[in-house]
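Report on one structure; see the data block that follows.
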Amino acid sequence: MKEPSLRQIRYFTAVANAGQVSRAAKVLNVSQSALTNAVKQLEDIVGVSLFKRHGGGVTLTYEGNIFLDHALRVLAVVDEAVRSPSRKRDDVNGRLRLAMTYTVAGYYIPPHIERFQRAFPGVQLELTEAPRDRIEDGLASGSFDLAVMLTSNIIDQEGLEFETLMQSRRRLWLASRHPLLSQNNVTLADVAREPYIMLTVDEASNTAQRYWNQTAYRPNTVFRTSSVEAVRSFVAGGMGVTILSDMVYRPWSLDGRRVEVISLADKVPTMDVGLAWPANVPLGSAASAFREFMHLGDEAS
């Protein structure tokens, strides 16, 4: 059986992240035909369609989502293997008090933490999940050394240094066979006519309100919840739609019903995840090692 190449896997993940072959081609600085051929060859190897093609670009199939999860792990492991001789430092030790928000803890940070602990066995990690305001206060008071959080939500932009590691697109979630799936261009005006399931955790409702306030429309919120899984189940069951980031998207609800996603014609801000630390306070060796490690891991994915 022919095995996929790293180039095919990298091209596949680029298209999956961009949602459009043309956009991924610009990011990678390669031709669209090169990307298209690589993805087609990969689909031939695995024996299933990884993307569903439509007028607005491409979306991952169920099998594509499963493959993406494995592909990201493969690329991260390869990158770690290449870089680990230079970045693994047994002499980096001490305590790292690392804070993280709910969404980061659930959907982003665990594999990074696992690899960091293997690379830096001398660092003692103290992990805390907390809301954004408590993290900002903890960084300012010295209770936390570093935080992985939604940098797009940070309020104290003078007292904190921060940098973004990844940006996750926000797209419209809806049930399979929803009428909007057959519409070429879906706008916030279209969404405003639908019942809306509002996620509240990590200030998601505040973020949503900010970009809705830049329009003449408002979401018709019928249910508010702090549970991403509840949102997924309500949307899959046809009880409403929502706009959430690709980072928390999964194609199936807990009861086995499908959640579809489409890009909106209107501009919706990305959800930005990154690092934050106190301004004008030098990072310790453990925190510096983690910061460098996260940049390397971000490049891998």
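The values are calculated or read from the model by the stated rules, or taken from the named source; none is laboratory data. Just so it is clear, the structure is predicted and the values come from calculations on it, not from any experiment. Quick reminder, even Gly has a Cβ in these numbers, built from the backbone with ideal geometry, and neighbours come from all protein chains shown. Only protein heavy atoms, including side chains, enter the accessible area calculation; ligands, DNA and RNA are left aside. Shrake-Rupley method; radii C 1.70, N 1.55, O 1.52, S 1.80 Å.
The antiparallel fraction among DSSP beta bridges confined to the chain stands at about 60%. Computed from backbone phi with θ = phi - 60° and the Karplus coefficients 6.51, -1.76 and 1.60, the 3J(HN,Hα) list for segment 113-130 is 4, 4, 6, 5, 5, 5, 6, 10, x, x, 8, 8, 8, 10, 9, 9, 9, 7 Hz; x is used for glycine and proline. Using a probe of 1.4 Å on the protein chains alone, the accessible area found for residue 292 is around 110 Å².
For residue 223, nonlocal amide neighbours, meaning residues 5 or more places apart or on other chains whose placed amide H falls under 5 Å from its own, are 196, 198.
Lys-Lys pairs in the chain that are eight or more residues apart or on separate chains and whose Cα atoms lie under 28 Å of each other come to 7.
Shown in residue order for segment 159-165 are the 3J(HN,Hα) couplings computed by the Karplus curve 6.51 cos²θ - 1.76 cosθ + 1.60 at θ = phi - 60°: x, 10, 9, 8, 8, 8, 9 Hz (x for Gly and Pro).
When the Kirkwood radius is taken over all Cα pairs of segment 4-50, what Stokes-Einstein diffusion coefficient follows at 20 °C and 1.002 mPa s, in µm²/s?
After rounding, the answer is 208 µm²/s.
The overall shape of segment 112-237 is prolate: from the C-alpha gyration tensor, with semi-axes ordered a ≥ b ≥ c, the ratio a/c is 1.5 or greater and a/b exceeds b/c. Rounded to the nearest Hz, the phi-derived 3J(HN,Hα) couplings of segment 167-172 under the Karplus curve 6.51 cos²θ - 1.76 cosθ + 1.60 (θ = phi - 60°) are 10, 10, 5, 9, 10, 7, where x marks glycine and proline.
Based on DSSP, what percent of beta bridges with both residues in segment 56-166 are antiparallel, to the nearest 5?
About 0 percent, rounded to the nearest 5.
In units of the compact-protein estimate 2.2 N^0.38 Å, segment 160-301 shows a Cα radius of gyration of 1.22.
Express in % the proportion of alpha carbon pairs of segment 194-246 at distances exceeding 19 Å. Summing the P(r) tail past 19 Å for segment 194-246 gives 20 percent. With a Förster radius of 35 Å applied to the beta-carbon distance between residue 211 and residue 28, the computed FRET efficiency rounds to 0.75. Would you work out the Kirkwood radius for the chain? I mean one over the mean of 1/r across all pairs of different Cα atoms, in Å. Over the chain, the inverse of the mean reciprocal pair distance is 20.7 Å.
At the residue level, residue 295 shows approximately 60 square angstrom of accessible surface with a 1.4 angstrom probe and all protein chains present.
Write down the percent of antiparallel bridges among all DSSP beta bridges whose residues are both part of segment 119-268, to the nearest 5. Antiparallel bridges make up about 60 percent of those DSSP assigns within segment 119-268.
The H on the amide N of residue 265, modeled in the peptide plane, is under 5 Å from the matching H of 186, 187, each at least 5 residues off or on a different chain.
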